[in-house]
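Structure record follows, encoded as structure tokens.
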Amino acid sequence: MNVFLDRSLCNRRAGCEACFGNHLLSEDFHLADCILHTRDTQRPELVFKIRDRDQSLKTLVVKNENFDQALASWVWLWEQQAGPII
């Protein structure tokens, strides 16, 4: 499944990671304030396209192997997946 989020739509300035973790655990991103849309890809992984507040686009892939890391911190997991940023 692809999930498209826009953080500028959310009124929360803090707590994004906790909110993301709650929606991930509940599988209810359709209820998130920042949701744009979802697309069913018939694949087991979740691919998040996240437009950040600085207008950058972040791609995050959540699989069974990194699900707990995504629950703890999507930002940390994205940093691990994105590699060094220069």
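Things worth noting here:
- Restricting Q42, Q69, Q80, Q55 to those that are in contact with a helix residue (DSSP H, G or I) (Cβ under 9 Å, 6 or more places away or on another chain) and on the phi > 0 side of the Ramachandran plot reduces the list to Q55.
- For the range 12-65, the tally of residues that are polar (S, T, N, Q), within 18 Å of L77 (Cβ to Cβ) and assigned to a strand (DSSP E or B) stands at 1.
- Unmet requirement for N2, which otherwise passes all of (1) among the polar types (S, T, N, Q); (2) surrounded by 14 or more Cβ atoms within 10 Å (Cβ to Cβ); (3) out of contact with any Asp or Glu (no Cβ under 9 Å at 6 or more places or on another chain): (3)
- Boolean, T59 is within 11 Å of the chain's Cα centre (by Cα), at pLDDT 95 or above and of a type outside the set (A, V, I, L, M, F, W, C): yes
Condition check ((1) under 12 Å from M1 (Cβ atoms); (2) in contact (Cβ under 8 Å) with a residue 40 or more places away in the chain; (3) among the basic types (K, R)) across all residues:
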| site | (1), (2), (3) |
| --- | --- |
| R12 | no, no, yes |
| A18 | no, no, no |
| V61 | yes, no, no |
| N64 | no, no, no |
| W74 | no, yes, no |
| E79 | no, no, no |
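The values are calculated or read from the model by the stated rules, or taken from the named source; none is laboratory data. Since this is a predicted model, take the numbers as computed values, not measurements. Please note: Cβ atoms are built from the backbone with ideal geometry, for glycine as well, and neighbour counts cover all protein chains shown.
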